[in-house]
Amino acid sequence: MRLLERMRKDWFMVGIVLAIAGAKLEPSIGVNGGPLKPEITVSYIAVATIFFNSGLSLKTEELTSALVHLKLHLFIQIFTLAFFPATIWLFLQLLSITPINEWLLKGLQTVGCMPPPVSSAVILTKAVGGNEAAAIFNSAFGSFLRLVLTLLLLLLFLGSSSSVPFTSIFSQLFMTVVVPLIIGQIVRRYIKDWLERKKPPFGAISSSVLLMIIYTTFCDTFSNPNIDLDKFSLVLILFIIFSIQLSFMLLTFIFSTRNNSGFTPADTVAIIFCSTHKSLTLGIPMLKIVFAGHEHLSLISVPLLIYHPAQILLGSVLVPTIKSWMVSRQKKLLQTGGPLANLNNPEGLEYLSIKFGH
């Protein structure tokens, strides 16, 4: 009974495993030209659906209160836009001399270029009691900003422009990502009250569509007999991803808690999660666009598929520790008369049950 309850809670993770297993058993269904016609249903309809859903669910009216925290936003955006991908690139120069599969390493670079998730960083920040408004603003703003910048970073670090025309990529990105997002926001203005009342399962909708994208991506892989993924590379990538996440979380904590940083404990919580989380829902469709038709697309996608559950797992495990630190720090600031964070601390960690906030 407990197993069934656990599976219902983590159905998206179970779905990923089943999607990959299904692709392995019968890859011909989801390949280009197959019964599912992924060149149309996935490349255009599924991707556009995900981003329309994101636009529809994004509460932009909640961002206005966070606009004034310019220093906080700059810190998060610079870290995730510049420091993260550049550090990964330097690290990969060292890893390139190892026997790790080169396409997994390229996939690790794509993780650094990805936009932040729209909700998981917010969920964890809220669970701890951190600066939720700042988390909402940076997740939402970062998602919009990185639509174009992610493409540019991918082309810069991976050089995919040599095989895929930039104009073609940009036009598809605009039509299947930017336009649906904007339309979603426009539609939201007219049905906002209904959305607030009914609370549609936006996360579940995006996750279901994403499973189809993952399935067809791996169908392409398993239908190609020339692709071989060794277990040694996979285990090492898994270890590297956890190490990167822990290291970056520690770095953001150290930088944001310096005496002259000017950040409150609640700000630090938002910084830790918003600076280090990466979006699977936005990332996989973008990889599908940039590397359309690439025979190693699924291998490139593997690090991002690992990074997503890893960030949720680490975040969930560290919530009590971070929460304890924040409360202790706030009490100390209260006693010394220092600047205080917003003490709005939502009760319960039920937010963490939403394991697939992307």
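The values are calculated or read from the model by the stated rules, or taken from the named source; none is laboratory data. Bear in mind the structure is a predicted one, so any value in this text is a computation, not a measurement. Every residue, glycine among them, receives a Cβ derived from its backbone with ideal geometry; neighbour counts consider all protein chains shown. Please note that ligands, DNA and RNA were not included when accessible areas were found on the heavy atoms of the full protein model with its side chains. Shrake-Rupley method; radii C 1.70, N 1.55, O 1.52, S 1.80 Å.
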For the range 210-330, give the magnitude of the charge dipole about the Cα centre (Cβ charges: +1 Lys/Arg, -1 Asp/Glu; no others), in debye to the nearest 20.
-> 500
Looking at this model, which pairs from LYS106/LYS288; LYS71/LYS278; LYS199/LYS331 are more than 26 angstrom apart at the alpha-carbon?
-> LYS199/LYS331
Relative contact order for the range 189-339, counting Cα pairs under 8 Å that sit 6 or more residues apart, in percent | 30
Heavy-atom accessible area per residue of the range 263-320, all protein chains kept, 1.4 Å probe, expressed in Å², is 17
Go ahead and run the numbers for FRET between ARG258 and LEU90, Cβ-Cβ distance against an R0 of 25 Å, rounding to 0.05.
-> 0.60
Any chance you could run the full-extension gain for LEU152 through PHE232? It's 0.36 nm times the residue separation minus the Cα-Cα distance, nm to one decimal.
-> 25.7 nm
At 4 °C and 1.567 mPa s, grab the translational diffusion coefficient of the range 90-135 from Stokes-Einstein with a Kirkwood Rh over Cα pairs, rounded to a whole number in µm² per second.
-> 100
Can you give the accessible area of TYR44 in Å² (nearest 10), computed on protein heavy atoms with a 1.4 Å probe?
-> 120
